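Asks: Below is one structure. I have some questions about it.
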2 protein chains.
Amino acid sequence: MSKPSVPQGTRDLSPEVVRKRQYLLTTLRTIFEECGFQPIETPSMENLSTLMGKYGEEGDRLIFKVLNNGLNDPNKHAKTRAALENVLQGKNDSNLAERALRYDLTIPFARYVVMHQNEINFPFRRYQMQPVWRADRPQKGRYREFWQCDCDIVGSNSLINEAELLYIYREAFFQLNIPKIIVRVNSRKVLSGIAQYCNAANQLVDITTAIDKLDKIGVEGVIKELNERGLNSEQVNDIIRLINITELDVLENEFASKQINEGVAGIKELKDSLAYHSALRKTEWNNSEIKIDFTLARGLSYYTGIIVEVNCADERIQMGSIGGGGRYDDLTGLFGLKNLSGVGVSFGIDRIYDVMEQLELFPAAIAVGTKAMIINTGNENEAYAMQVLQELRRHHIAAEIYPDVVKFDKQMKYIFNRAIPFAVIIEDEERTQQNIRVKDFAAGTQVKMSVAEFIQKIV
Amino acid sequence: MSKPSVPQGTRDLSPEVVRKRQYLLTTLRTIFEECGFQPIETPSMENLSTLMGKYGEEGDRLIFKVLNNGLNDPNKHAKTRAALENVLQGKNDSNLAERALRYDLTIPFARYVVMHQNEINFPFRRYQMQPVWRADRPQKGRYREFWQCDCDIVGSNSLINEAELLYIYREAFFQLNIPKIIVRVNSRKVLSGIAQYCNAANQLVDITTAIDKLDKIGVEGVIKELNERGLNSEQVNDIIRLINITELDVLENEFASKQINEGVAGIKELKDSLAYHSALRKTEWNNSEIKIDFTLARGLSYYTGIIVEVNCADERIQMGSIGGGGRYDDLTGLFGLKNLSGVGVSFGIDRIYDVMEQLELFPAAIAVGTKAMIINTGNENEAYAMQVLQELRRHHIAAEIYPDVVKFDKQMKYIFNRAIPFAVIIEDEERTQQNIRVKDFAAGTQVKMSVAEFIQKIV
């Protein structure tokens, strides 16, 4: 028998990890619910046709396809062989695989909205927390199965929505206690304005793609790439100068001087969103700041308005963005429902987990399940111990009895290894006196008390 | 563009359904944690070799396999074509699909225990709530993606564990408020004793398989099947007589009279488990009962000791078991770790959901997210409304503002349709007086009050 293993890029989650993730997801869920977002879930498998062509050529390649069942039916053999030849040529063929695993939560959400449009009340605020799968090459911090957590508002153009999503980011990272959160904000309309400014409106995608790499390749790299993409040095100079402006008014004046209406509109949207956000802001948020950043581009092509990205600037953290999003004007158009504007943000659950783990931000209390374990010394003591166990659980104290009557030291070592804070010792003396002896590992004490006293001590 | 859809046998979950499922899972999770069970999660994809051969021939056929990626690499074409030919013959070949979707939680748990045996403290109590996938023919109440929820204790032979799992069942169905719960209990050792009693020890599997169909085919059907499986009429008479005994002592005497030690041992295990269970029992459990039932067989071959199955006997419910489990002595042996006994039970989440839905047992409160929505009348009123919104959220009241300034009636209708209990109306008068007008849909009232008064009213 070969040693069992899990597929490359996947992992088992131990109790400690599950509990920490649960804490993270519950914190977010509570905030989403307080802000009126509603949960939905979509199937892990989608029709392959729903997903293909939505994530670019690279994305298509990374989608996990599910082999059709019943292929051993002889009537299907010819079709299946032909389908395989298509797949070997890099094409898709539903005769071999007609289903695929969810690649993100955005496309399934767009499909959901279109399919359920008659039962949805718009504007529709939804959140969704589910795993996604990508056949990426596994590496540190990158898995083939990982969780996404999105919240979106569709069916409203109001910039209050943008403000609400900024609220959610700041409230979430405040609750999670993550330091030095920078929420960078820009607008696709501003980037479009910049393209118009240097007479390169038709090269907006080239410009965005190049700027998007700024963090990775630096200014020199962006300049080189812009040149390679056919922009002349005057245009490149303008782009670099404009994206490095840090004041809304300054860039607004630049746009106004050249009558670039889209750019002016983008600046106004940013101003209004931030004004709304200020009205909702909580004074205690001292761990995060909003930063206008015209160098922020975000790669995804479906954004049309404000875009946002979140980083943790703590010097101990070397990591890309831990969240991002923006406004898109026609996502559901992919599935036939036109003119439905939406705005959404995403939380990078696995990266946020890693940041919190590295900075030791998970509360110690969540790692422990069982609070008290009763040592089992058998016979009448066991019967009395069962009563005590029942009494503890009746007070909602997570408690266990060691199920087997084995050596005292073995049981004590087990309790210690599991980091259970209290061992409850019941031997003849305790049973006859109808009390218990409690070993408190943290305090290093061993004290006799009544069950009621113990309950009072730890509830 | 074709109309979007989801794969057959899968479904989108609406906010109401997600919230109800969340309530169900959280109720179970809380009980598991109180009883000292620890959560684990395993990957959705397992190596195909981990799953194949564990669920019988029928099970193998229903496993969803995941197509390998990178098949367009010309170097792999020959191997892939050869692999397809194997698959067309009903075999598996890792050159076409080396991964598969989780089929249940039991085999992944066994694999987990073996892989992590050096970091686990035994006895190990774990619970796991995750989706599984089966390529079954979809029908009412049967999906291709559905959730399982298991709790198991491995590494202990103590019958306290059996008692603990009975406790969990009864406590869970008590908390969920499901009426007329029957927890049927039997032992594989008793069934083995019955086989020995009629000199058919080597036909135990035939006997169990036939008895297992009792609910479906009736006594006559079982008799017929036992005959077909080669048991003579005297043997069949004995079997039918013995499994219809309802008293432990009566069957014990039958076994003792023929010196069938395994049968006697099985009866003793049942008695001891029930005695332990009585010690833990809560007096308020009046919705459930434990019933000894020697006709209970359970199909799965890995059980070796006590077996259990849960039904809802409410006359409005037409449904099979909503939970089941038992003791297995060698599950991890499949992956090379011998002699590790375990016992576990499973909750049929989707069926329990359906029962609760049919009997209207979900608390009304959980269906509603947002408690109050503020009507947006624009301009200065909007700015004041944002302050009110901030104040409500500060008191953890789930609240929203209608994001767009549209007609009053349209906003009111939206609030009504979403079943949000309170509409908060802010027009010029309320703003200048720094108060709010609250429409209470349930009471049919509209009352002016301060924000503080409103908060006090609904917190």
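The values are calculated or read from the model by the stated rules, or taken from the named source; none is laboratory data. None of the values given here were measured: they were computed from a predicted structure. Here Cβ is always computed from backbone atoms with ideal geometry, including for glycine, and neighbour counts include all displayed protein chains. Please note that ligands, DNA and RNA were not included when accessible areas were found on the heavy atoms of the full protein model with its side chains. Shrake-Rupley method; radii C 1.70, N 1.55, O 1.52, S 1.80 Å.
Asks: Filter the range A:362-387 down to the residues that are within 11 Å of chain B (Cβ to nearest Cβ) and outside any helix (DSSP H, G or I) and list them by number.
Replies: A:Val368, A:Gly369, A:Thr370, A:Lys371, A:Ala372, A:Met373, A:Ile374, A:Asn376, A:Gly378
Asks: Right, something else. For the range A:299-314, give me each residue that is at pLDDT 95 or above and not in a strand (DSSP E or B).
Replies: Correct list: A:Ala313, A:Asp314.
Asks: Looking at B:Gly9, B:Gly53, which is the one that is touching a strand residue (DSSP E or B) at 6+ places or on another chain (Cβ under 8 Å), assigned to a loop (DSSP other than H, G, I, E, B), more than 26 Å from A:Tyr143 (Cβ to Cβ) and more than 8 Å from chain A (Cβ to nearest Cβ)?
Replies: Result: B:Gly9 is the single residue among B:Gly9, B:Gly53 that is touching a strand residue (DSSP E or B) at 6+ places or on another chain (Cβ under 8 Å), assigned to a loop (DSSP other than H, G, I, E, B), more than 26 Å from A:Tyr143 (Cβ to Cβ) and more than 8 Å from chain A (Cβ to nearest Cβ).
Asks: Right, next: Quick check: is even one residue across the range B:309-324 open to solvent by 20 Å² or more (accessible area, probe 1.4 Å), of a type in the set (A, V, I, L, M) and more than 30 Å from B:Ala443 (Cα to Cα)?
Replies: yes
Asks: Quick one: which of A:Leu334, A:Leu359, A:Leu392 is more than 13 Å from chain B (Cβ to nearest Cβ), touching a residue at least 24 places away in the same chain (Cβ under 8 Å) and not hydroxyl-bearing (Ser, Thr, Tyr)?
Replies: Checking each option against the conditions leaves just A:Leu359.
Asks: Looking at A:Lys189, is it farther than 24 Å from A:Glu162 by Cβ and modelled with pLDDT of 95 or more?
Replies: It is false that A:Lys189 is farther than 24 Å from A:Glu162 by Cβ and modelled with pLDDT of 95 or more.
Asks: So how many residues does the range B:434-456 have that are free of Cβ contacts under 8 Å to residues at least 12 places away in the same chain and part of a helix (DSSP H, G or I)?
Replies: Count: 3.
Asks: Hey, A:Asp409 hits all of (1) modelled with pLDDT of 95 or more; (2) open to solvent by less than 70 Å² (accessible area, probe 1.4 Å) but one; which does it fall short on?
Replies: So the condition that A:Asp409 fails would be (2).
Asks: In addition: Within the range B:26-46, is even one residue closer than 30 Å to B:Gly90 by Cβ, in a strand (DSSP E or B) and open to solvent by less than 30 Å² (accessible area, probe 1.4 Å)?
Replies: Yes, there is a match, as at least one residue in the range B:26-46 is closer than 30 Å to B:Gly90 by Cβ, in a strand (DSSP E or B) and open to solvent by less than 30 Å² (accessible area, probe 1.4 Å).
Asks: Restricting attention to the range A:280-292, report how many residues are surrounded by fewer than 19 Cβ atoms within 10 Å (Cβ to Cβ) and either away from every other protein chain (no Cβ under 14 Å) or assigned to a helix (DSSP H, G or I) (or both).
Replies: Total meeting the criteria: 4.
Asks: Here's a follow-up. Can you name the residue in the range B:131-143 that is assigned to a strand (DSSP E or B) and within 10 Å of chain A (Cβ to nearest Cβ) and is also nearest to A:Leu88 (Cα to Cα) among such residues?
Replies: B:Trp133
Asks: Moving on to the next point. State whether one or more residues within the range A:373-382 are assigned by TED's automatic domain parsing to the domain that holds A:Tyr23, closer than 24 Å to A:Gln22 by Cβ and either of a type in the set (A, V, I, L, M, F, W, C) or open to solvent by less than 10 Å² (accessible area, probe 1.4 Å) (or both).
Replies: No, that holds for no residue.
Asks: Moving on. So how many residues does the range B:373-406 have that are under 19 Å from A:Pro39 (Cβ atoms) and in contact with a Leu (Cβ under 6 Å, 6 or more places away or on another chain)?
Replies: Residues that pass the stated criteria total 1.
Asks: How many residues does the range A:333-361 hold that are more than 21 Å from A:Arg418 (Cα to Cα) and assigned to a helix (DSSP H, G or I)?
Replies: 12
Asks: Return the pair list, or none, for Cβ contacts closer than 8 Å from residues in the range B:135-161 that are more than 30 Å from B:His277 (Cβ to Cβ) to residues that are β-branched (Val, Ile, Thr), at least 6 apart or on different chains.
Replies: Listed pairs, sorted by first residue: B:Ala135/B:Ile63; B:Tyr143/B:Thr10; B:Arg144/B:Thr10; B:Glu145/B:Thr10; B:Glu145/B:Val132.
Asks: Please state which of the following conditions A:Gln128 fails to meet, knowing it meets all the rest: (1) out of contact with any Asp or Glu (no Cβ under 6 Å at 6 or more places or on another chain); (2) not in a loop (DSSP other than H, G, I, E, B).
Replies: It is condition (1) that A:Gln128 fails.
Asks: I would also like to ask the following. Read through the list (1) open to solvent by 60 Å² or more (accessible area, probe 1.4 Å); (2) among the polar types (S, T, N, Q); (3) outside any helix (DSSP H, G or I); (4) not assigned by TED's automatic domain parsing to the domain that holds B:Leu159, then give the number of the only condition that B:Asn69 fails.
Replies: Tallying (1) open to solvent by 60 Å² or more (accessible area, probe 1.4 Å); (2) among the polar types (S, T, N, Q); (3) outside any helix (DSSP H, G or I); (4) not assigned by TED's automatic domain parsing to the domain that holds B:Leu159, B:Asn69 fails exactly one: (1).
Asks: Oh, and also: When the residues of the range B:81-118 are filtered to those that are acidic (Asp, Glu) and facing chain A (nearest Cβ under 10 Å), which remaining residue is nearest to B:Trp133 (Cα to Cα)?
Replies: Once the filter is applied, the top-ranked residue is B:Glu98.
Asks: Determine if the range A:211-233 includes at least one residue that is aliphatic (A, V, I, L, M), in contact with a Leu (Cβ under 8 Å, 6 or more places away or on another chain), in contact (Cβ under 8 Å) with a residue 60 or more places away in the chain and open to solvent by less than 60 Å² (accessible area, probe 1.4 Å).
Replies: yes
Asks: Still on this structure, I have one more. Residues that are in a helix (DSSP H, G or I), modelled with pLDDT of 95 or more, out of contact with any strand residue (DSSP E or B) (no Cβ under 9 Å at 6 or more places or on another chain) and not charged (D, E, K, R): does the range A:151-171 have at least one?
Replies: Scanning the range A:151-171, I find at least one residue that is in a helix (DSSP H, G or I), modelled with pLDDT of 95 or more, out of contact with any strand residue (DSSP E or B) (no Cβ under 9 Å at 6 or more places or on another chain) and not charged (D, E, K, R), so the answer is yes.
Asks: A further question follows. Filter the range A:222-263 down to the residues that are within 21 Å of A:Asn202 (Cα to Cα) and not in a helix (DSSP H, G or I) and list them by number.
Replies: A:Arg229, A:Gly230, A:Leu231, A:Asn232, A:Lys258, A:Gln259, A:Ile260
Residue by residue, here is whether (1) within 13 Å of chain B (Cβ to nearest Cβ); (2) out of contact with any Ser or Thr (no Cβ under 8 Å at 6 or more places or on another chain) holds:
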site: A:Glu145; (1), (2): yes, no
site: A:Leu159; (1), (2): yes, no
site: A:Glu162; (1), (2): yes, no
site: A:Leu165; (1), (2): yes, yes
site: A:Tyr169; (1), (2): no, no
site: A:Asn177; (1), (2): no, yes
site: A:Arg184; (1), (2): no, yes
